[in-house]
Amino acid sequence: MRVDDVKTAMYSAMKARRSDEAAALRLLLAELQSAEIEARSELDEAQVTQVLQREAKKRREAEAAYRDAGRTDRADQEAFELSVISRYLPAQLDRAELERLVDEAVAASGATSPRELGKVMGILMPKIKGRADGNEARRLVQARLS
């Protein structure tokens, strides 16, 4: 996944007159270009994924906040932007796969109590980075260790 891929998709959406999609991609492209300027170089695939994840998280949180405030129009817009961003994120792990990786990390670390959560997370996070929510992984590890 590269910045140019998002730019190409934005141009395609503009040509096809899909203005909502083009607007969402334009916002995403602006964030990616801003990250490139900050890094002072072209972003590699891991950095692009990191920006995409950050933007997806913003959209999830904003959608929840708007729904709580009763602003369904804005919540729907945030949900749509999230769906556009999600197309460019790596495939997420399903629950069963995440649980299997948690079990492997617990076994590999030899952890037996909740105090050793950090040891397990240190082994687990490199395996799931970008493919699963860290908070969900933490909850699963806590459940295994308690």
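Coordinate-derived values only; no laboratory data. Bear in mind that the values here come from a model prediction, so they are computed numbers and not experimental data. Note that we place each Cβ from the backbone using ideal geometry, even for glycine, and neighbour counts take in every protein chain shown.
Applying the criterion of being charged (D, E, K, R) and over 24 Å from D133 (Cα atoms) to the residues of region 35-54, the residue that is surrounded by the fewest Cβ atoms within 10 Å (Cβ to Cβ) is R40. Considering A75, A108, A62, A22, the condition of being of a type in the set (A, V, I, L, M), in contact with a helix residue (DSSP H, G or I) (Cβ under 8 Å, 6 or more places away or on another chain), exposed (fewer than 13 other Cβ atoms within 10 Å of the Cβ) and part of a helix (DSSP H, G or I) is satisfied by A108 alone. For region 114-145, the tally of residues that are in a loop (DSSP other than H, G, I, E, B) and touching a residue at least 40 places away in the same chain (Cβ under 8 Å) stands at 3.
Touching a Leu at 6+ places or on another chain (Cβ under 9 Å), of a type in the set (S, T, N, Q) and farther than 30 Å from L27 by Cβ: which single residue out of S86, S146, S113 fits that description?
Working: S86 fails: farther than 30 Å from L27 by Cβ; S146 fails: touching a Leu at 6+ places or on another chain (Cβ under 9 Å).
The match here is S113.
For region 107-146, enumerate the residues that are within 28 Å of A56 (Cβ to Cβ) and among the β-branched types (V, I, T). Outline the logic, then answer.
Restricting attention to region 107-146, the residues satisfying the condition of being within 28 Å of A56 (Cβ to Cβ) are 117-118, 120-144.
Matches in region 107-146: V120, I123, I128, V141.
Can you go through L27, L32, L124, L93 and tell me which one is more than 30 Å from T8 (Cα to Cα) and surrounded by 13 or more Cβ atoms within 10 Å (Cβ to Cβ)?
Result of the check over L27, L32, L124, L93: L124.
Under the condition of being touching a residue at least 24 places away in the same chain (Cβ under 8 Å) and more than 17 Å from E78 (Cβ to Cβ), the residues counted in region 10-45 number 7.
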